[in-house]
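What follows draws every value from the coordinates through simple rules; no lab data is involved. All values derive from a computational prediction rather than experimental measurement. Cβ sites come from the backbone with ideal geometry, for glycine too, and all protein chains shown count toward neighbours.
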Amino acid sequence: MLESRFARVILLALGLFSGLQAVSAPEPVKGLPKNDLRLIPVQSGGRLKPFDEFARENILALTGSRSHSGFDPSEMLLSMMVRPSEWANEKIIRISVPEVNRQLLLDPDRKYFSLNELLANHAFLQYSEGIRANGSALEQVTDTGVNAVTGQKDPRAEELKRVVDRVMRFQALVTGSLWAVTPGSDREQPWKTVAEGMTEPSEQSQAVFALLKSYLENNPEEFGVFAAQARVSVESKIPEFDGVKNLLLAEVLYNRLRPFLQSMIFYLLAGVLWLFAEKKRLLRLLAKFFTVTAVLLHVLGFALRCYVAGRPPVTNMYESIIWVSLGVMFFALLLFWKNRQNMLISTATILSGLALFAADSAPMVMDPTIRPLVPVLRSNYWLTIHVLTITLSYGAFMLAMGISNLSLFGFFQESRRGPSSEITKRIALLNQLSYRSLMFGTVLLAAGTILGGVWADYSWGRFWGWDPKEVWALIALLSYMAVLHGRYAGWVGAFAFPLWTVICFSTVVMAWYGVNFVLGVGLHSYGFSTGGQAFVFGFLLLQTLYCGFIAYHHRRRNSSGLHRRA
Amino acid sequence: MPNRSALLLEKLWNVLISLKLAVIVILSLAITLSVATVIESMHDTKTAQYFVYRAAWFYGLLSVLGLNILAVALSRLPWKRRHIPFLLAHAGILMILAGSWLTYVNGVDGSLLISEGEMNSAVELDELVLVSKRGEEVRTVPFPWMPASVAKSFKPREFPELGIRIERYVADAERVTRYFPADGSNPEAAPAVQVRVLGAPMGGAPEFWLFGGDPGSASQKLGPARFLIRKEEQKDLEAPSVAQGSDEASEARLDFIVSKSGALRFQAVSVRGEKKSGSVDLKTLQAREEPVIVDPGWKMPIRLQVKSFLPSALMETRYVERKVKPVGMGTAQPEPAIEISMAGNPASRLWLGLGDRANFQDQNGNPATAGYFPKRLLLPYGLRLERFEMTTNPGTNDPATYSSRVQVVDQFQKTEADLRSLPVHHITMNEPLEWKGYTFYQSSYVPEIPRPTTTILSVNYDPGRGLKYWGSVLLILGSVALYLAKTVKKKKTKELQNA
C-alpha cells in the first residue's frame, strides 16, 4: 500500500503536459532557434540565472553530467515537460554507487536507469517512502552528497537519498514546479513557478505554455516567436533588469564556450609538443602557439566566471583547481622567462591540463555550479586576497612537485645508464627551478596564512584559532621550511631535495583537499564536500610508489659503489 | 680552565643555536599538529584542545622554537647588513609567538547574546566554572572540561569552599528523564502522561512525556500544535492567542485533564476554535491489548496514542554519556554534566547539566544554590540590541547577510528618553564595533520563526594584536628579502664565474 503511494504521486504528475502517448525515444527538433530560450531569466538556487544554466544544473542533478543524450540542455528540459511519459522510459537517472544497485537488486554494471524502472522497483519505493516520511525534501540532500540535516556520510544511504531526490526532481521538472518564471515585486521575493501558473496564470506562464505548445507541435518558427516573447515578458518584470542583463549573456557564453575544457585540450597538446620541440623550430612554434592559446582561454574563462559570479572564483574545489592551475602556468612562465627550458614548460602545461581535466571530469564531486556565498564570505576584501594568495602558493608547490618528479626520473636514468654529465647538469638545473618555485610557494603560503589570520581577526575576532584548515596550511609551511632549512644546512642534497619536495606536496593535498573532503571539521565548513577519495589517494599512492621505486634504484647504485660520483 | 657548568652551558648553547634543533622542532610541530587535526576529526574541537592546542607541553614545544630562533639570532652578533633579511623574518616569528602568548594569558574571547529591546553585559567565556551561593556569599571555582577518556579515571573531588563534592562527571552528556509512580501526598507529585504522535507534520512518530509538576515539561509544542497536561482544578493559563487581522489562532491545543479521582479526559481546540473533548479509556490502557488513540478532530491528520498514564508521578533526571554523537559537520561540541553531593551528606546527590542550577541545604540546614556554568565576564557597560536585521538570497530562506543595530548603555542611562538619544551602532559581518578595548563582532543569531530577534556577538579583547600584526609584517618583508638576497647572490657568483 505504502509503496504505491509514492509511485502514484509521481506517475500522476507525469500526465500533465503530455498530449501524445507515443513510446518512441524523444529526439531534438531540427532547426530550433534556441538563443532566446537559453536567455530566459530564472530564479533558482538563490540567484538569477539564464534558463540555459538552470537546465544544466538540473540535468547535472539528474544524470551526473551537465548535458545529456545529445540534447541541448535547455531543449532537453522542454522536451521532458512536453513528453514526460517518453522521458520516463529514457535511462537518464544516475545511480553512481554500485552497492545501491545491488541493494535495489538492479544490474550493478549499469549507471543509468529510467524513471519507470525505478518506480517499478519495490525495494526502491520502500526506501523512498521511508526517506520521505523522515522529512527529506529536495533541498536537504545537497548535490554533492552530504545530507545537510544529518551530515551523515554513509555513501550508500546518501546515494539512495540522492536517487530519491532525482526521482522527485524529475517529477518537479516535468510539472514545471522548479521553473520560477513570474518575478515578484522586489529582489528577494520568491518567483511564481510555471506549475503555479496553471492555477494563477500570469503573462509569463502563458508565454511559457505557448512556447511548450509550439515545441510539442514541432514548429520552429512559432517556437522562436514565443521564446522571444517569454524572454521579454520575464525580463520586463524584473526590477532593475538592465543592471544584470549582461551577466545572463555572459553566463550563457561561459556555458556554451566551455573555456576550461578547450584550454585543457590545448594545454595537453602543448605539453606533448614541448617534449619533442627541442631542436625543431616548427614544433616549437606550434607548442608556443598552443600554450598561449590555452593560457588565454584559461584567463578568459576565469574572467567570465568572475564577472558572472561577481566575485573571484575561489570558494570551492572546482574553482580553486582552476585558479591553482592558472598559478602553475604563471610561475612556469615566470621561470621560463629566465630559463628557457622546454622541460619546465612541458611539465607545467601537462600539470595544468591534467588539473583542468580532473576538475571537468567529476562534476558530481566538484560542483561547477556558481552558487551564492554564505554570509561570512560575502563582500570581503581580505577573504579574496587571503584565499587567492594561499591557493596561488599551491600552484607554485604543484609546479615544484612536477619538476622534482622529472628530476627524480633523472636519477633513475642515472642508475640505469651510469653517471653522465648531461644528466647531472639537467638534474642540477631542475633542482634549481624547483627550489625557485618552492621559494615562491613558501613566501606566498606564509603571507596567505597570515592574511588568513588578518581576515579571521577581522571577521571572527581572533587571529589564530587552531582551525584544521589553518593548521594544515601551517603544517605544509612547516614541512617546506624543514626542507629549506635542511637544504641550507647541507643535509638535503641533490637527491633528497626533489624527493622531499614531492613528499611535502602531500601536505598541500591535505590542506587543500583533505581538510574539506576527509577530515570534514572546523570553521571552513562552507567548503566541505565528499567524493574523489579514490582519485586523490590513488595519486598519492602512485606518487609514493614512484618515490620508493626511484629511491630503491638510487640507493642500490650508490651502495654498489661502482658508479659513485666524485 | 672553564669549569664544568660553563662547559655544560656552552653545550646547551650550541644545541640551542643548532639548525638541527630547528629542523627537529619544525618537524615535531608538523607531526603534532597533523595528529591534532585527526583527533579533532575523530572526536571534537574540545578534545583536540585538551590534548594538544591548550596542553602545557605544546606551549613548551612552541617555547623551544622561540628560544631556538632567539639564540640563533643572538649567535650572529655582531649583526651585519647581510643578516637583515634573516633577522627580519625570524624576529617576525618571535613577535608572532610573543603576541600569541599575550593573547593566551590576558586575552578575552567570548560571546554575548542579546534579544531585541534588551540589554546585556555578561560575556560568556569558553571556560567552565562551579558556582555556589550560600546566604549572600557567592563563590566561583574553575572546573575545566575534560574528554571522556580522561573522565574514565575521574575520582570524586571535594570543593570545601563551595560546600559541595563532585561525585561523577560525564564529558558529553545526554539528559535522561524517568517518571515513576509516587504517593499522592508528596507535594512534588503530579500527573504524567506518555504520548506518541501519529501523522506528525514533521514526519516520524515523536514520543514524549507530559508532566504537570514542572512548567517546562507540562506542555510540548510540535509544529502548529501544543499538547498540555493539567489538573482539573488548575486554571488554563496558556489560552492560545489569536493573531491580529486573522481569525485563526496561532496554534491548535490539546489538553489532557486529570480529575481529582484520577480519571483522564482530553479537550482539543483547533486553530479555528472548534472544540472536541472525550475521555481516555484507562481500562484498555492498563490491559495493554490494543492501542488507546485520541483523535483531536483537527484538519491535519494527527492522532495521539496514549502509551501510559500516572495520576501521581515524580520525575527523576539523570545524565548519561551520549551514545549516538550528533553528526553535525564537526560543529557539535560536547556538553558536560556533573553529579554533586553536599558536603557531609553523600546521600544528597543531584545532577547538574551545563547551565543548570539547583537548590540544596548546606550542613547547617541553610538554603544554598549550586550551579555549573560557562564563566562570565561583566563588561563595564551594556549593549542593547535595537534591531537584528537579516537579508536572504533571492527566493530562498538562506541568509545572505545579517547585522545588529546596537546601543552602548552606561549604567546610569536608563530612561526611555535617554535610550532614544543614544547613538546606534551598526555591527555587520565585516564591520565590528570597538568600544573601550573590546571589539564586538557579528558572529551568529538564534534561529526563530518568522524572523530571528536574538543576536550572538563575539566579544574580543586581544592585547597581543599589535605584536602579531607587526610580527607578520616583518616576517613577510624578511622572507621576501631572503628570496631577493639569494637571487642577487646567485647573480654575483655567476658574474664572477663568467669573469
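Per-structure values
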quantity: Residues in segment B:422-438 reached by a label modelled at residue B:125 [backbone nitrogen below 16 Å; 7 Å Cα→Cβ]; calculated: B:438
quantity: Per-residue average of Cβ from other chains inside 10 Å of B:29-42; calculated: 6
quantity: Assigned charges on the beta-carbon of Lys, Arg, Asp, Glu; chain B dipole about Cα centre (debye); calculated: 2640
quantity: J(HN,Hα) series, segment A:499-514, from Karplus relation 6.51 cos²θ - 1.76 cosθ + 1.60, nearest Hz, glycine and proline x; calculated: 4, 5, 4, 5, 5, 5, 4, 5, 5, 5, 4, 5, 5, 7, 9, x
quantity: Percentage relative contact order, segment A:235-292, counting C-alpha pairs under 8 Å, at least six apart; calculated: 25
quantity: About the Cα centre, charge dipole magnitude for the protein assembly as shown (Lys/Arg +1, Asp/Glu -1 at Cβ), debye; calculated: 5560
quantity: Projected label distance in nm at residue B:14 and residue B:84, using a 7 Å step from Cα toward the beta-carbon; calculated: 3.4
quantity: Computed helical MRE - 222 nm, chain B, DSSP H runs ≥ 4 contributing -39500 (n - 2.57), nearest 500; calculated: -9000 deg cm²/dmol
quantity: Relative contact order %, segment A:16-107, counting alpha carbon pairs below 8 Å whose residues are six or more apart; calculated: 33
quantity: Equivalent-ellipsoid semi-axes of the protein assembly as shown, from the Cα gyration tensor, Å, largest first; calculated: 55, 46, 27
quantity: Segment B:268-370: trypsin sites (Lys or Arg not before Pro) in DSSP coil with no more than 15 other Cβ atoms inside 10 Å; calculated: B:272, B:288, B:299, B:323
quantity: Cα centroid separation, segment A:385-408 to segment A:213-227 (Å); calculated: 52
quantity: Order of A:349, A:391 - criterion: other Cβ atoms within 10 Å of each residue's Cβ, fewest first; calculated: A:391, A:349
quantity: Protection proxy ranking, peptides B:221-231, B:81-91, A:237-247, average beta carbon neighbours within 10 Å, highest first; calculated: B:221-231, B:81-91, A:237-247
quantity: Additional length obtainable on full extension of the chain from residue B:153 to residue B:232, 0.36 nm per residue less Cα span; calculated: 23.5 nm
quantity: Modelled FRET efficiency - R0 30 Å, residue A:420 with residue A:280, Cβ distances, 0.05 increments; calculated: 0.80
quantity: Efficiency of FRET from Cβ geometry, residue A:534 and residue B:473, R₀ 35 Å, rounded to 0.05; calculated: 0.20
quantity: Size of charge dipole - segment A:172-278 - debye, nearest 20, with Cβ of Lys, Arg +1 and Asp, Glu -1, no other charges; calculated: 200
quantity: Number of partner chain Cβ atoms within 10 Å, mean per residue of B:398-405; calculated: 3
quantity: Fewest-first ranking of A:337, B:13, A:179, B:298, using other Cβ atoms within 10 Å as the exposure measure; calculated: A:337, B:13, B:298, A:179
quantity: Label-point separation in nm, residue A:544 to residue B:106, each point 7 Å along Cα→Cβ; calculated: 4.8
quantity: Residues listed by number, segment B:182-201, amide nitrogen under 15 Å from residue B:305 label point at 7 Å toward C-beta; calculated: B:194-200
quantity: Which of A:304, A:239, A:289, positive extreme of dipole for segment A:167-311 (C-beta unit charges); calculated: A:289
quantity: Residue exposure sequence - A:90, B:434, A:53, A:203 - by fewest surrounding Cβ within 10 Å; calculated: B:434, A:203, A:90, A:53
quantity: Top positive-direction residue, dipole computed over chain B with Cβ charges, set B:268, B:340, B:443; calculated: B:443
quantity: Estimated [θ] at 222 nm from DSSP helical runs (n ≥ 4, -39500 (n - 2.57)) normalised by residues in chain A, nearest 500; calculated: -21500 deg cm²/dmol
quantity: Inter-chain Cβ neighbour average for residues A:474-485, partner chain, 10 Å; calculated: 5
quantity: Axial C-alpha extent at least 20 Å, average Kyte-Doolittle at least -1.0 - helices from chain B (DSSP); calculated: B:19-42, B:56-75, B:84-106, B:465-498
quantity: Additional length obtainable on full extension of the chain from residue B:116 to residue B:435, 0.36 nm per residue less Cα span; calculated: 112.8 nm
quantity: Chain A: relative contact order as a whole-number percent, Cα under 8 Å and 6+ apart; calculated: 12
quantity: Listed residues B:21, B:52, B:71: farthest to the positive end of the dipole of segment B:16-85 (Cβ charges); calculated: B:71
quantity: Residues whose placed amide H lies under 5 Å from that of residue B:252, excluding near-sequence neighbours; calculated: B:225, B:226
quantity: Extension gain (nm, one decimal) between residue B:31 and residue B:359, 0.36 nm per residue minus Cα-Cα; calculated: 113.3 nm
